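The block underneath contains the structure these notes are about, expressed in structure tokens.
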Amino acid sequence: MAISNEVIWVTGASSGLGYELAKQLAGAGNTVIASARNLDALKSLQREAPSNIEILDFDLLDDAALSEAQARLKALSPKLDRVILNAGTCEYMDPLDFDWSLAEKIMRVNYVGMVNSLSIAYDLLRESERGHIVGIASQASELPFTRAEAYGASKAAVQYFLQSLRLDVKQFGIDVTVVLPGFVDTPLTRRNTFSMPFLMPAEEAAGRIIGAIEKRVLRYAFPRRLSAMLWMLRRVPRLWLSVGRDKSSKNNTQGAESRQES
Ligand SMILES: NC(=O)c1ccc[n+]([C@@H]2O[C@H](COP(=O)([O-])OP(=O)(O)OC[C@H]3O[C@@H](n4cnc5c(N)ncnc54)[C@H](OP(=O)(O)O)[C@@H]3O)[C@@H](O)[C@H]2O)c1
């Protein structure tokens with residue numbers, strides 16, 4: 001791995017993709033600062049590479065915890081070479097019983113949480129010779145999917161924010177990479193009841209992301225087969241409307257049936 005001897009902050013490191021990213025980067029000789037709320041999970045991550053992983057447990061939506069985390073981050077390292085803004089969540093809307101508050105809830109974790117993380121890391125990134133901000137967005141925002149109003153919108157916000165930020169931080173020698181994964185096998189996707197094309201193990205996905213980060217690409221969407229498929233479907237919105245609507249009504253019927261059974 002070309003990335004070594006760096007100080008890298010990974011958010012959402014207690015589980016799934018973040019856990020794998022932290023483990024692989026620490027295994028390659030980097031100092032990884034691992035964040036999330038679940039301290040026990042972070043401690044088991046730390047056991048994977050005890051001398052290279054520091055724990056910074058906090059809730060990135062808790063304002064009081066945020067300023068304390070900023071001080072702890074600074075105490076752990078006077079500079080950050082990279083931050084991987086990975087923490088996030090996903091819940092789907094139910095068209096038969098819309099919970100409108102879900103839009104705010106998901107936007108807060110995925111978008112506000114990401115900006116909060118960045119706000120406490122930014123000064124330390126400026127101390128690096130060549131800082132790098134990596135944001136984990138999603139291919140879900142590349143095409144409208146049924147029930148994905150809240151999640152897709154939050155990831156579109158993440159993507160736009162980082163693309164715009166890139167223009168402003170370039171003058172300070174900071175690069176920005178936006179990562180758009182397809183389906184990765186993690187606790188988040190194990191809750192899904194629909195089929196997930198090209199589902200990939202988290203270990204493989206983390207390895208691919210690290211490969212893209214090394215090259216400091218602007219944008220990395222993977223697997224390519226899925227992004228090519230979505231690219232084509234974006235060009236035929238009316239066809240997608242009928243296919244998506246069919247899928248939606250099928251999901252709704254199944255949802256209604258399971259509600260009746262319970
Ligand atoms: N899996 C996929 O197919 C897929 C596809 C595209 C994009 N993504 C994105 O990839 C990222 C990682 O997803 P994953 O699949 O690895 O999910 P995951 O296993 O559920 O991990 C989510 C991580 O985010 C942390 N987190 C959530 N809310 C937090 C909060 N308020 N404060 C601090 N940390 C918080 C969780 O830690 P605690 O609960 O311990 O706080 C956990 O470490 C997410 O941004 C997700 O949207 C995933």
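The values are calculated or read from the model by the stated rules, or taken from the named source; none is laboratory data. Here the structure is a predicted model, which means the values were calculated and not measured. Virtual Cβ from ideal backbone geometry, glycine too; neighbours counted across all protein chains shown. All accessible areas refer to the heavy atoms of the entire protein, side chains included, with ligands and DNA or RNA removed. Shrake-Rupley method; radii C 1.70, N 1.55, O 1.52, S 1.80 Å.
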Normalised alpha carbon radius of gyration of region 107-163 [divisor 2.2 N^0.38 Å]: 1.29
Inter-centroid distance (Cα atoms) of region 148-169 relative to region 44-74, Å: 24 Å
Region 41-126: equivalent-ellipsoid semi-axes (sqrt of 5 x gyration tensor eigenvalues, Cα, Å): 29, 16, 11
Spin-label proximity, Leu102 to region 136-164 - amide N less than 17 Å from point 7 Å beyond Cα toward beta carbon: 140-141, 144-156
The chain: calculated mean residue ellipticity at 222 nm from DSSP helix runs of at least 4, using -39500 (n - 2.57): -15500 deg cm²/dmol
Label-to-label distance, nm, for residues given as Met196 and Val115 (7 Å Cα→Cβ offset): 2.8 nm
Estimated inter-spin distance, Leu218 and Ser164, nm [label 7 Å along Cα→Cβ]: 1.7 nm
Accessible area of region 89-175 divided out per residue, in Å², using a probe of 1.4 angstrom: 48 Å²
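Between Arg130 and Ala156, 0.36 nm times their residue separation minus their Cα-Cα distance comes to what? Write out the running numbers ahead of the final one.
Details: separation 26, 0.36 × 26 = 9.36 nm, distance 2.64 nm.
Value of the extension gain: 6.7 nm.
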Pairs beyond 21 Å (Cα-Cα), from Lys79/Lys170; Lys43/Lys105; Lys23/Lys43; Lys105/Lys155: Lys43/Lys105
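What number, in percent, do you get for the relative contact order of region 1-152 if the mean sequence gap of Cα pairs under 8 Å and at least 6 apart is divided by its residue count?
Details: 273 pairs, mean separation 35.5, N = 152.
Relative contact order of region 1-152: 23 percent.
Given contacts defined as C-alpha pairs under 8 Å and at least six residues apart, what's the relative contact order of the chain, whole-number percent?
Numbers: 453 pairs, mean separation 45.3, N = 262.
It comes to 17 percent, rounded to a whole number.
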Rg in Å to one decimal, and Dmax rounded to a whole Å, for region 102-256 via C-alpha atoms: 17.0, 56
Chymotrypsin sites (Phe, Trp or Tyr not before Pro) restricted to DSSP loop in region 1-99 with at most 14 other C-beta within 10 Å: Phe98
Apportionment of accessible area to carbon and sulfur, the chain, percent (1.4 Å): 52 percent
Cβ-based net charge around Gln159, under 12 Å, with every Lys or Arg adding one and every Asp or Glu removing one: +2
Heavy atoms of Thr31 accessible to a 1.4 Å probe, total area in Å² rounded to 10: 50 Å²
Gain in span if fully extended, Asp40 to Leu239, counting 0.36 nm per residue against the direct Cα distance: 66.9 nm
Calculated log₁₀ intensity ratio I(q)/I(0) where the Debye formula runs over C-alpha points of the chain, q = 0.08, 0.10, 0.12 Å⁻¹: -0.33, -0.51, -0.72
